[in-house]
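The values are calculated or read from the model by the stated rules, or taken from the named source; none is laboratory data. Being a predicted model, the structure only gives us computed values, none of them experimental. Cβ: placed from backbone, ideal geometry, glycine included. Neighbour counts: every protein chain shown. The accessibility values were calculated without ligands, DNA or RNA, using every heavy atom of the protein model including side chains. Shrake-Rupley method; radii C 1.70, N 1.55, O 1.52, S 1.80 Å.
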Amino acid sequence: MTQHPVHKLLAVGALLVGSVVGAELYTPKHEAGRCAFRGQCGSKYFFGKELPCVDNGLAEEPDDDLRQQIVDLCGEKWTSGPVCCNADQVRSLSSELGTPKQIISSCPACKENFFNLFCTFTCSPDQSLFVNITRVQEKNGKTRVLELDQLVSDQYSSGFYDSCKEVKFGSSNSKAMDFIGGGAKNYTQLLKFLGDEKLVGSPFQMNFPREYDNPAMSPREMKPKKCNDEDPDYRCACVDCPDVCPELPAVSKPGSCKVGVLPCLSFASIFVYCILLFSAVAAVIGHVMWRRHARRRNERLRLLQDASPSDDEDEGDLVLNPAMLDQPRRYYKINTWCDAAFSRLGHFAARFPAITISSTLIFVAVLSAGWIRFDLEREPARLWVSPTSPAAQEKAFFDSNFGPFYRAEKIFLVNDQSPEGPAPVLSYDTILWWMDVERSVARLKGPKFGGTLNDICLKPTGTACVVQSVTAYFGNDPGLVDEKKWKDRLRKCVDSPVECRPAYGQPVEANMILGGWTSDPANATAITVNWVVKNGAEGSPEVERAADWEAALRDRLLEVQQEAQDRGLRLSFSTEISLEEELNKSTNTDAKIVAISYVIMFLYASLALGSTTLSLRGLLRNPAIALVQSKFSLGVMGILIVLMSISASVGLFSWFGLKATLIIAEVIPFIVLAVGVDNIFLIVHEFERVNISHPDIVVEERIAKALGRMGPSILLSALTETASFTLGVFVGMPAVRNFAAYAAAAVFINAILQITMFVSVLALNQMRVEDHRADCIPCIQVKAARVHLTGGNVSPGARHYEVPEESWLQQFIRRHYAPAILGKKAKGVIVAVFLGLFAAGIALIPEVKLGLDQRVAIPDGSYLIPYFNDLYDYMETGPPVFFVTREFNATQRKYQREVCSRFTTCEQMSLTNILEGERKRPDVSYISSPAASWIDDYFLWLNPDLGDQCCVEHGEACFAHREPPWDITLSGMPEDGEFVKYLHKFLSSPTTEDCPLAGQAAYGNTVVVDSETDTIKASHFRAMHTPLRSQDDFINAMSSARRIASSIQRETGVEVFPYSVFYVFFDQYASIVSLTATLLGCAVAIIFLVSTVLLGSIRTAAVVTVTVCMTVIDIIGAMAVFGVSLNAVSLVNLIICVGIAVEFCAHVARAYTFPSRTVMERAKNRFRGRDARAWTALVNVGASVFSGITVTKLLGVCVLAFTRSKIFEIYYFRVWLALVVFAATHALIFLPVVLSLVGGEGYVDPESEGGIEEDLASRRYRALVPESDTDSEDES
């Protein structure tokens, strides 16, 4: 390169004296009608673009051909007057404007402003008035322009930017400004991008100073067109101009109803409770004051009475004590029938134990044979979504038409290991190291099939894999990473991603690969990398090869984690196969904890049953009786019955092909054990009472009496629990439906086995005890325990001192606990406290979140936990969302207008216009990017103004001579068969630099054409969600997308649904609240109906139902406090809570309705009416409910606190702990109190009535209790 010596000297002088001197050198004259440059003087480099020649001469009139070229390119205003350009310049300008024209042609105002700026700059006859050349190059006797200043007014610059800033380029689903302005955020950045010298862009430097010293120069008076211009020819569509968009109906966020900071429901609950509490307090105070006043007025009329028997009264006296005045006198037929039926069943099972046991074993064996067809469902999508649900059908439709959504392999590299806090993650060494990691990943081979990334990756252009990484900004070439300038290159690429496109052609936005930064991308604390892999149908060879390579990738990334740690960085990652693998690990670690939990419950139940007939005094007097009186084998048999019922249930449904789930395997044993152990305790405890009161009758009769009394109670709990679980069968969610079926069958079969097989075993065990044979080893007779009474008519009985005393728990309940809670003052406090808990539970309902965080479902220590943390913390983009059309007749103009947006006759509320309107309110729509509209880009691709760059037919633009011509009113657009013909051509046209509108890369798999019917079988319009950082965000995003789809269908009539890869997993949350309310409401209704029928009292049934409701509401409130969200797992647990709550309440309610005469007689005169029956119920079954249900489950639940799995710790331990606490307190405190206040009438217990024989037997029972333990009127 040479330069004239004079020019060299002048150039140096120009640098010293400034722009004015420069103007005199290269553009000495600035006046109207004079140019600054003209023509072309060759390129700066061998492959460079042509540079203009310095020419300060006068503007000239063009010839007709040149005039026509200028008019065709720049518009009708150039039909007259001289110009400062020649044909070569116009042809070059036309070529340079070709690509921008495709990108912004959808917005006439933006196109007009863009073209006007460069047409005026190139051809204006007054060019010298606003252009000043400041640097040149001399070559071959010609002076080339290397740099110049162009003056553009702030008004035009601002208007130009404003008209283009919202224009969308559909095929890349991004803003056109990213392409034409390098992502400019204001007009100065836009002009700088356009003026900067670069290989792809301007071949010389153009500066746009806002102020200039030369008085002869000034910006041209040009008025920019507005995107909402008054002239309809320049008005842009809604998608490119927010000012012309229709206003969408307002949408309120969920949970927006609040009173102050409180949700409306919470406020209402607290307010109503406070009103009721203050009213009750006021009523009590008023009542006390009135009583005192009345007492003073009627002091002389006070009645004195004492109906209490003396302490010396003969126990054998047949006179009833005052408490017995309220003994029920009526019989309830249904209860009498049930009692008789269970008595006969018990007598048969005890009389013929071999037949009973063998029959039940055969029954269990036949059902359990179904295990040969046992199968476990592990696929998450099929667990939570029914195959017939809309979400599953929509996924199937999407996969069958567009192919399954791609597989994502993703990493986060974070610099947060320093004690000082997060620091920039990128450095020169880190970039080079990571490039080496990416090269090693590209070389990986699957261990089984040997496939590489190149074999399985997504290739939109057919050659290069999609790898979204910061290394793309450096061309994936270590040679382009300058140790001193890498930050500048990074910043430049972030500002203008289009200049740093990777090999697969699509710009990589900074928010897709950088995280934890605000202004300077070099300070980003995290980077993320995505390898995009093609997917296929489940079980297909494509999926197997991909999973094989992903296994190799997982192993490699585990090694890279250590490499990153050595560099002071942290790497987290996930592959497509990772989540399922880690979930399976979670199940394996949980199995041990669950097993330990069940074993502890088994051991407790076995030991506690044996303690029912053992006392410390008896052991001290004769230790040998422990060998006989132990019931360990009986307890083990009860547990085996539980396991048999589970096996029979699983086998039964396996016969019918109903797959089991991990929830079933982990939860149902707990349910059946909880119910089964309780029933076993009740039967054994009642049998021991019969042994004491009727020791002289045969074992079969005693068994019949015990089962006759407890059988209806077991029936009540079994029916309500089975019915509650059965409700879940009607739910579409497979995990809930299958659980409900298995649980209902297991509970029902368990109840059947308990009243048949267990009763037979209990009879055999009693015969062993009375023959003084050792527990567990019945062949050994313990002679030391043989002490007989004389005079027994059937079998030897125990001596008086060997009769077991009441346990300390039974004594505590009878003497202290029951009297304490049934006192008048205590009742008021208890009701107030429990209603307060109920109000608090209701108030906390809005605080229960929806969702199941993936971090909870995997075990502690999993490599996926840091990945999900980083995903929420650093991911700056959301997942893609597709609005899918079905059977859309796009060949007709009417329907084209219902989906397009870039043409003037498109419907205002068209599909894409609605999507654009929603994009403008991302806080409620969760949509962040413009929709990629294939039909708009298709019509733009047909634009003949694009020349031979895009649609070409017979050597020229497809619609070059079309009548009517192509225009923005859609009048010249194809219809019917012609539409389909050119659509095929559009979808198969390769996307290139010359024609970025071509549809192969962007829309090749977006549109499915039915050529036989000339319709669009399926198509989609793609957008992006906002970054989703919580379960609430995912759920709300899905809900919003469905709302938008409904709005589109309502406005346009086009059948459309939204689809994103995560929707199928979150579909349950669209209806889980209403589903929960429906299931729990129906379960409560069934409880009320069954209780009414079996208890014979609407009031008592209502009290039981209300108690169960309060228990469940309190548990839901505890879920909010404990951070337990509502999902399929917790819904299953709530169904369990209903069943177990009934189990706690049913026995107390039945003991209240059918009070034991033997127990009630001991109430003496302390309690009357409902109080006496409530006291009787607590004394009769309170100990069994506490020791048989509460303690058993509490022990089992507490073990779950030690699990490694968060899902067990949160969704099982916390919920079940709340269940045990609330169900026990409501059943043993609240229920007896409310029954004593508003309970229904009582009925005669048939097993307590039997004439003089039963009366003498009950007196024998009372006589066996030491005198000091009787309940006298002075007992406190």
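Only protein atoms count toward the accessible area here, which uses a 1.4 Å probe; on the chain, the carbon and sulfur part of that area reaches 58 percent. By the Cβ distance rule of under 4.7 Å, the chain has these cysteines without a partner: Cys274, Cys338, Cys776, Cys779, Cys1082, Cys1109, Cys1137, Cys1145, Cys1198.
Spin-label pair Leu262-Ile334: with each label point 7 Å from Cα along the Cα-Cβ axis, the two points sit 4.0 nm from one another.
From the alpha carbon centroid of the range 447-465 to that of the range 221-252 is 44 Å. Computed extension gain for Asp860 through Ser540, at 0.36 nm per residue and net of the alpha carbon distance, reaches 111.9 nm.
Taking every alpha-carbon pair under 8 Å whose residues sit at least 6 apart, the chain reaches a relative contact order of 14 percent. Pairs of Cα atoms in the chain fall into 20 Å distance bins, from 0 up to the last occupied one, in shares of 9, 29, 25, 18, 12, 6, 2, 0 percent. Stretching the chain fully between Lys459 and Ala820 yields a gain of 122.2 nm (0.36 nm per residue, less the alpha carbon separation). Can you work out the FRET efficiency for the pair Arg897 and Asp1010, with r the C-beta to C-beta distance and R0 = 25 Å, to the nearest 0.05? The value I calculate is 0.75.
Take every pair of alpha-carbon atoms less than 8 Å apart whose residues are at least six positions apart; their mean separation over the length of the range 1044-1159 yields a relative contact order of 26 percent. If R0 equals 22 Å, the separation of the Cβ atoms of Asp243 and Glu96 corresponds to a calculated FRET efficiency of about 0.15. The residues of the range 406-584 present an accessible area of 44 Å² per residue when probed at 1.4 Å with all protein chains retained.
Modelled label positions at Thr904 and Asn186, each set 7 Å beyond Cα in the direction of Cβ, lie 3.5 nm from each other. For the pair Glu847 and Val281, label points projected 7 Å from Cα toward Cβ lie 2.2 nm apart. Please give the residues of the range 425-440, grouped as numeric ranges, whose backbone N is less than 16 Å from a label point set 7 Å along the Cα-to-Cβ vector of Asp520. The answer is 425-428. Counting only DSSP H runs of at least 4 residues, each contributing -39500 (n - 2.57), and dividing by the residue count of the chain, the helix-based mean residue ellipticity at 222 nm comes to -16000 deg cm²/dmol. The separation of the range 698-756 from the range 95-116, counted between C-alpha centres, amounts to 76 Å. Axis of helix 864-874 versus longest Cα principal axis of the chain: the two differ by about 50°, to the nearest ten degrees. The mean accessible area for residues of the range 125-208, using a 1.4 Å probe and ignoring ligands and nucleic acids, is 33 Å² per residue.
Converting phi to 3J(HN,Hα) with the Karplus coefficients 6.51, -1.76 and 1.60 and the offset θ = phi - 60°, the range 99-115 yields 5, x, 4, 5, 6, 10, 5, 5, 10, x, 5, 4, 4, 4, 5, 5, 5 Hz in sequence order, with x at every glycine or proline.
On a per residue basis, the convex hull of the C-alpha atoms belonging to the range 406-584 measures out at 127 Å³. Close amide H contacts of Ser153 (hydrogens built in the peptide plane, cut-off under 5 Å, sequence separation of 5 or more or a different chain): Arg220.
Each 5 Å bin from zero holds the following percent of Cα-Cα pairs in the range 37-241: 1, 7, 15, 19, 21, 18, 12, 5, 2, 0, 0. Multiplying the residue separation of Lys139 and Gln1049 by 0.36 nm and subtracting their alpha-carbon distance yields 321.1 nm.
Using the Cβ-Cβ distance between Val288 and Phe812 with R0 set to 35 Å, the FRET efficiency works out to roughly 0.65.
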